[in-house]
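Let me begin by presenting the structure, written as structure tokens, before commenting on it.
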Amino acid sequence: MARVALVTGGTRGIGEAISKALKDAGYQVAATYGGNDEAAAKFKDATGIAVYKWDVGDFDACQKGIAQVEADLGPVEVLVNNAGITRDGMFHKMSAESWGAVITTNLNSLFNMTRGVIEGMRARSYGRVVSISSVNGQKGQMGQSNYSAAKAGLIGFTKALAQENAFKGITVNAVAPGYIATEMVRAMPEEVLNSKIIPQIPVGRLGEAEEVARAVVFLAGEDSGFITGSTLTIHGGQYMT
């Protein structure tokens, strides 16, 4: 029977590519989304992947949503924490609302979602948790103190959870993309992309969502069982540690 993979923010952008790649790899996939009903319906029609709507920043909504997924498809054995938002601005002008919204959606969601599946994974002695960080969680980024803090926190969460659960057959890893050619990035003025963004990337181009997705599929698979607590960077050499 196919393993069940749950992808948050799984109907658009990088999440969409991850959901499709996991399905192609033989997983039974459930994709969550937060608000864009039209995009979710289009995604479902095009892929046949089950979609579920809830706010990943709401603990109770996550528990109810996970329970529904498991009732429909079976126990979640692969969790991809991908959902995220941005509310950019210089810190000295940032509102508490902008800070809180990003921390809630991008960081608190890790607890909300992973808490809902970890006990089942431990009981079955198998699980894969893959969370999507960012190059800006590694190096920081002007105007993104909230986003950088959340994505850096994700890496710390990954390392701690990996240590707690390795002996239970559960791996916990992070993927840190750089500039990926999603709808959001492509919406930037071409002049900015060509003069400011791409020159920072040694390989000389934007990444593709499918490149991130292939890495997630690997970390979700049987062959990655000796990899845990790691952060895989996918940014064309933009930031090397």
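Nothing in this text is a laboratory measurement; each read-out follows from the coordinates by a stated rule. Owing to the predicted nature of the structure, the values given are computational and were not obtained by experimental measurement. Please note: Cβ atoms are built from the backbone with ideal geometry, for glycine as well, and neighbour counts cover all protein chains shown.
If each residue of separation counts as 0.36 nm, what is the full-extension length gain between D60 and A101 once their alpha-carbon separation is subtracted?
Numbers: separation 41, 0.36 × 41 = 14.76 nm, distance 1.71 nm.
Stretched out fully, the D60 to A101 stretch lengthens by 13.0 nm.
With kT/(6 pi eta Rh) evaluated at 37 °C and eta = 0.692 mPa s, and Rh the Kirkwood radius from Cα pairs, the chain diffuses with a coefficient of 182 µm²/s according to Stokes-Einstein. How far is helix 109-124 tilted, in degrees, relative to the longest principal axis of the Cα atoms in the chain, given as a value from 0 to 90 rounded to the nearest 10? Once rounded, one gets 30 degrees.
Where does each of H235, H92 land when they are ranked from fewest to most other beta-carbon atoms within 10 angstrom?
On the way: H235 24, H92 6.
Starting with the residue having the fewest Cβ neighbours, the order is H92, H235.
Once each part is reduced to its C-alpha centroid, what is the distance from region 32-62 to region 179-230 in angstrom? Here the answer is 23 Å between Cα centres.
The angle separating the long axis of helix 209-220 from the principal Cα axis of greatest extent in the chain is about 40 degrees. Entry note, the chain: relative contact order of 20 percent, from Cα contacts under 8 Å with a spacing of 6+ residues. Across region 181-187, computed HN-Hα scalar couplings (Karplus, 6.51 cos²θ - 1.76 cosθ + 1.60, θ = phi - 60°) run 6, 8, 4, 5, 6, 5, 6 Hz from first to last residue, x flagging Gly and Pro.
Label zone of V203 (point 7 Å out along Cα→Cβ, amide N under 15 Å): in region 219-241 this covers 232-240.
Entry note, the chain: the mean residue ellipticity at 222 nm calculated from DSSP H runs of n ≥ 4, each adding -39500 (n - 2.57), is -13500 deg cm²/dmol after division by the residues and rounding to the nearest 500.
Under 5 Å between amide hydrogens, built in the peptide plane, is the criterion, and for I234 it picks out A176, G178 among residues at least 5 positions away or on other chains. Paramagnetic label reach from E210 (point 7 Å along Cα→Cβ; backbone nitrogen cut-off under 19 Å): within region 11-33, residues 11-27. Neighbours of G236, meaning other residues whose beta-carbon lies under 12 angstrom from its beta-carbon, give a summed charge of -1 when Lys and Arg score +1 and Asp and Glu score -1.
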